[in-house]
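Shown below is the structure under consideration.
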Amino acid sequence: MLLLKQRVEVIAVEESSLANIAERKITPVNLAIVDEPQRIDIEFQAEGHFRSRKELANVYNIQQSNITGEEMFGRAKETAQQEAERKHQKDEVKAKQDYVEKHGNVVGVVGQAGIGKTTSAKKWAMQSLREELFGETSFFFYIVIRHMDFKRKMTLLEFLLSTMSIEQDYTTEQEKGIIKAICKDPNVVMIFDGFDEAAFKSFSTQVPQPQLHSKSKAENFLKHLAGGNLLPRARKIFTSRPTQLYKLNPSYRPRFIVQILGLTPTSQDELGRQICEDRYGDIQQNLEQNRNVLAYCYVPVNFILTLVYLMNYDGDIQFVSLTRVLAFTCGQYLTTNHLRDQEGELDKLAKLAYDAFLKMKIVFKLNAFAKAGIKESTASAFTNTSVTKHGNLKLTILDGHKVRYFSHLIWQEFFSSFYLMMIMSLDEFEKILKQLADERWEVVSKFVFGICDSSVFLQLEPLVPESSVEDWKQKKSLLLKFIQSKPKLSSKEEILQVCSWAHESNDPEIASTVASLLPDELNLSGSPLIPADYENLSSVIQHRAKPVILCYL
């Protein structure tokens, strides 16, 4: 028991692979958590929750949780009790008790990549070790799914210890004794971090229930633990991206699932002060004036990248865009020592991102990189790699071991736009222009216009061949013609979309072109505008000689 707790503490205090500023210890902040998660069946949408303008409107409603870590298992039991009453007759007392024990001790925690699932899991682990979360804790297991070997068979104890760096030198009788003690003890806590990284052929298939003392596949143990069939008395938390947990066969899917929504304004301030110290006041003021970026800062990784950009950018910053933040970060990342030998393969990675975007695909098997002509060394350079430069940002662009994926969908969208503007041929680019207005392309199209910003181009220019410079200029001209080809803008949705492109571009010619298409009277009635909408409209209207009347009837 003591050895387990010591190992869990080591895991819980390990630096996050997502981001770490300087060598300063960053205390985790509270994230908004709700017990009514949004069910999203399309994997690509699930990975980018709140990405579109329509979804971003919900970000401004993130103020506080309706559930805390301390309340999760209490609510899980309440949910299980309600279900037990519906499923069983009044006199089936034992069946009801078994159902509540089985399902009331399992909690699923979902959220998009980079939203803070692992950070929350580690925070709960530390609180639990201090007996602040679930009361007394006897046995504690912290299982990192991506480190698990899904090919070999193992006993239940070997499974539970397999990612905890504990030497397994027990006799058969000792193993049975430990498992027996775990089965009887009501104060057992297990955290399974990264369920979506399990190397299953299918999340939806059923598997045989393993015996407590026999060897079985890790998949069998994991699924039946999630379903409450194994060790029903132990409290179990499973963190995962949304899609994989919802794909899980209903026999194993946790009945109670909470969703992490991200940083609240209060937690942003707490995190910002830790990272920026006495500079945070000025940086916060700058963010308030750049609502297009602030709208994406509910995601911790976006917020941290933005803070690093603002702390390290040379000169006075009046304008900030998400494209500028990612281009700056990408530029610094790609010029560090570990990527020097990978020159010339960024175009292949960008093409891979773009092709996957078209297919609405986010996960790549390892052979996908080989098929794209990308060396393993290049893929590894983007995977789980730290960059100690400009703020000592510890950053992961690609993640995963058994399979790989972009650490956040926004990186895939950024590299897709990078491919469009900096690598794709002019003929191909002209053919896809009409698709920029599609709803699914909303973020990619915004980045495409963002790369029209000369400041962004200067960051990206060293990463591409010289011929791309002339192509970039011609693509800007094609984008202008694409905007000019539109009839006089009339619908509110189209006006807001085109104004967001113009603002992200920070280009006077594009802004003037859009301004010339605006009607003399804008009807803004209907669904409410978000702060970024006003910022985008204002940036365009100031390029008009003739005033515009705004109507809110």
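The values are calculated or read from the model by the stated rules, or taken from the named source; none is laboratory data. As the structure is a prediction and not an experimental result, all values here were calculated from the model. Backbone-built Cβ (ideal geometry, glycine too); neighbour counts: all protein chains shown. Heads up: the accessible areas ignore ligands, DNA and RNA and are worked out on the full protein's heavy atoms, side chains in. Shrake-Rupley method; radii C 1.70, N 1.55, O 1.52, S 1.80 Å.
Counting just the residues of region 194-215 that are small (Gly, Ala, Ser) and under 19 Å from ASN249 (Cα atoms), which one comes out surrounded by the fewest Cβ atoms within 10 Å (Cβ to Cβ)?
Among those that are small (Gly, Ala, Ser) and under 19 Å from ASN249 (Cα atoms), it is SER202.
Can you pull out every residue in region 300-341 that is of a type in the set (Ser, Thr, Tyr) and either at pLDDT below 75 or farther than 26 Å from GLU376 by Cβ (or both)?
Here is the first cut: in region 300-341, the ones of a type in the set (Ser, Thr, Tyr) are 306, 309, 313, 321, 323, 329, 333, 335-336.
THR306, TYR309, TYR313, SER321, THR323, TYR333, THR335, THR336, listed by residue number.
Hey, could you check region 448-497 for residues that are modelled with pLDDT under 85 and within 20 Å of PHE415 (Cβ to Cβ) and say which is most open to solvent (accessible area, probe 1.4 Å)?
PRO462
Which of (1) in a loop (DSSP other than H, G, I, E, B); (2) out of contact with any strand residue (DSSP E or B) (no Cβ under 8 Å at 6 or more places or on another chain) does SER525 not meet, given it meets every other one?
Only one criterion is unmet by SER525, namely (2).
The conditions are (1) within 21 Å of the chain's Cα centre (by Cα); (2) among the basic types (Lys, Arg); (3) modelled with pLDDT of 90 or more; (4) more than 26 Å from ASN290 (Cα to Cα), and LYS431 fails exactly one of them. Which is it?
LYS431 satisfies every listed condition except (1).
Here is a follow-up. From VAL464, VAL498, VAL456, VAL448, which residue is over 21 Å from SER512 (Cα atoms) and not acidic (Asp, Glu)?
Being over 21 Å from SER512 (Cα atoms) and not acidic (Asp, Glu) holds for just one of VAL464, VAL498, VAL456, VAL448, which is VAL464.
Does at least one position in region 495-508 carry a residue that is among the charged types (D, E, K, R) and farther than 18 Å from MET422 by Cβ?
No, region 495-508 has no match at all.
Identify all residues within region 502-544 that are more than 35 Å from the chain's Cα centre (by Cα) and charged (D, E, K, R); write none if there are none.
ASP520, GLU521, ARG544, listed by residue number.
Any chance you could count how many residues in region 264-314 are open to solvent by less than 60 Å² (accessible area, probe 1.4 Å) and of a type outside the set (A, V, I, L, M, F, W, C)?
19
Hey, does region 179-189 have a residue that's under 30 Å from the mean Cα position of the chain (by Cα) and at pLDDT 90 or above?
Yes: one or more hits.
A further question on this structure: Taking ASN367 as the residue in question, decide whether it is modelled with pLDDT under 90, open to solvent by 50 Å² or more (accessible area, probe 1.4 Å) and within 16 Å of the chain's Cα centre (by Cα). Break it down stepwise before answering.
On the way: modelled with pLDDT under 90: yes; open to solvent by 50 Å² or more (accessible area, probe 1.4 Å): yes; within 16 Å of the chain's Cα centre (by Cα): no.
When the stated conditions are applied, ASN367 does not pass them.
For region 139-198, which positions are of a type in the set (Ser, Thr, Tyr) and either on the phi > 0 side of the Ramachandran plot or in contact with a strand residue (DSSP E or B) (Cβ under 9 Å, 6 or more places away or on another chain) (or both)? Walk me through how you get there before you give the answer.
The initial filter retains those residues of region 139-198 that are of a type in the set (Ser, Thr, Tyr), namely 142, 155, 162-163, 165, 170-172.
Listed by number, the residues that qualify are TYR142, THR155, SER162, THR163, SER165.
Provide a single number: the residues in region 519-553 that are surrounded by 14 or more Cβ atoms within 10 Å (Cβ to Cβ), of a type outside the set (Lys, Arg) and more than 20 Å from TYR296 (Cβ to Cβ).
7
Next question, about the same structure. Go through region 160-195 and give me each residue that's of a type in the set (Gly, Ala, Ser) and under 19 Å from ALA121 (Cβ atoms).
If the condition is that a residue be of a type in the set (Gly, Ala, Ser) and under 19 Å from ALA121 (Cβ atoms), then SER162, SER165, GLY194 are the ones that fit.
Just the residues that are open to solvent by less than 60 Å² (accessible area, probe 1.4 Å), closer than 22 Å to LEU133 by Cβ and over 20 Å from the mean Cα position of the chain (by Cα), please, taken from region 233-263.
Within region 233-263, the subset open to solvent by less than 60 Å² (accessible area, probe 1.4 Å) is 234-246, 248-249, 251-254, 256-263.
Applying the additional criterion that residues be closer than 22 Å to LEU133 by Cβ yields 234-240, 245, 254, 256-263.
Result: ALA234, ARG235, LYS236, PRO254, PHE256.
While we're here: (1) under 18 Å from the mean Cα position of the chain (by Cα); (2) farther than 30 Å from LEU133 by Cα; (3) modelled with pLDDT of 85 or more: which one isn't true of TYR296, the others all being true?
Among (1) under 18 Å from the mean Cα position of the chain (by Cα); (2) farther than 30 Å from LEU133 by Cα; (3) modelled with pLDDT of 85 or more, TYR296 violates only (3).
Now for a separate question. Residues of region 452-485 being over 21 Å from CYS499 (Cα atoms) and β-branched (Val, Ile, Thr), which ones?
Selection gives VAL464, VAL469.
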